[in-house]
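One structure is given below, encoded as structure tokens.
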Amino acid sequence: MTNKLAVLLILSMCCAVLVVGQRRSTRFDPDGTYWIHGEHPEGFSDFGGINLNAKRVRRFGPAGLSLNNGKNFRFKTISVQKDNFTFKTVTLSNISYTFSGKFLKGGIFESAGLDDEVPVMEGVLTKYNGTKKVAEANLKFVYFAGT
């Protein structure tokens, strides 16, 4: 009985050390809509926003890049990580977009009470007509949780 108790005590101490030594990762959920912070640069006057909507919440709009005229470019490829956010859209009427950037903060954006005047994302947005690059800008984006 004493040997079993000693083994259990040693195992429980090892487990406690492992749990204390592990960093608890905070959840990252940037679902929402992102608008250009400030003026729209040349070539992007029709840009509406970037909609991340993994949970398909109605108030965020369909996932993809939207224009002011209501046209939506669905994501063809997308990678959403705090330090690496990239996407490529489908091509509509010979136009497509790519983005490469990062989020400036972590957490669950929808419940964070973010100020819609403070950028939370930055990166390079590129617009293509066929294979020709027709506009490119290094931009900052603000978050909107919908209404």
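The values are calculated or read from the model by the stated rules, or taken from the named source; none is laboratory data. Because the structure is predicted, anything quoted here is derived from the model rather than measured. Quick reminder, even Gly has a Cβ in these numbers, built from the backbone with ideal geometry, and neighbours come from all protein chains shown.
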*Report the residue count in region 55-106 for those that are over 15 Å from residue 143 (Cα atoms) and among the basic types (Lys, Arg).*
7
*Among the residues of region 25-54, write down those that are surrounded by 20 or more Cβ atoms within 10 Å (Cβ to Cβ), among the polar types (S, T, N, Q) and closer than 15 Å to residue 139 by Cβ.*
33
*asked:* Consider region 111-131. How many of its residues are charged (D, E, K, R) and under 19 Å from residue 65 (Cα atoms)?
replied: 3
*Which condition number does residue 138 fail, the rest of (1) surrounded by 15 or more Cβ atoms within 10 Å (Cβ to Cβ); (2) in a strand (DSSP E or B) being met?*
(1)
*Which numbered condition trips up residue 65, out of (1) buried (at least 19 other Cβ atoms within 10 Å of the Cβ); (2) at pLDDT below 95; (3) more than 12 Å from the chain's Cα centre (by Cα); (4) of a type in the set (A, V, I, L, M)?*
(2)
_Test set (1) surrounded by fewer than 16 Cβ atoms within 10 Å (Cβ to Cβ); (2) under 15 Å from residue 32 (Cα atoms); (3) at pLDDT below 95 - residue 81 fails condition number_ = (3)
*Matching residues in region 112-134 - criterion: being among the aliphatic types (A, V, I, L, M), surrounded by 12 or more Cβ atoms within 10 Å (Cβ to Cβ) and either part of a loop (DSSP other than H, G, I, E, B) or in contact (Cβ under 8 Å) with a residue 40 or more places away in the chain (or both)*: 112, 114, 118, 120, 121, 125
*Can you name every residue in region 90-108 that is in a strand (DSSP E or B) and either small (Gly, Ala, Ser) or under 15 Å from the mean Cα position of the chain (by Cα) (or both)?*
96, 98, 99, 100, 101, 102, 103, 108
*Which number in (1) surrounded by 13 or more Cβ atoms within 10 Å (Cβ to Cβ); (2) closer than 22 Å to residue 28 by Cα marks the one condition that residue 90 misses?*
(2)
_Hits in region 100-111 - residues which are over 14 Å from residue 36 (Cα atoms), of a type in the set (A, V, I, L, M, F, W, C) and surrounded by 13 or more Cβ atoms within 10 Å (Cβ to Cβ)_ = 104, 109
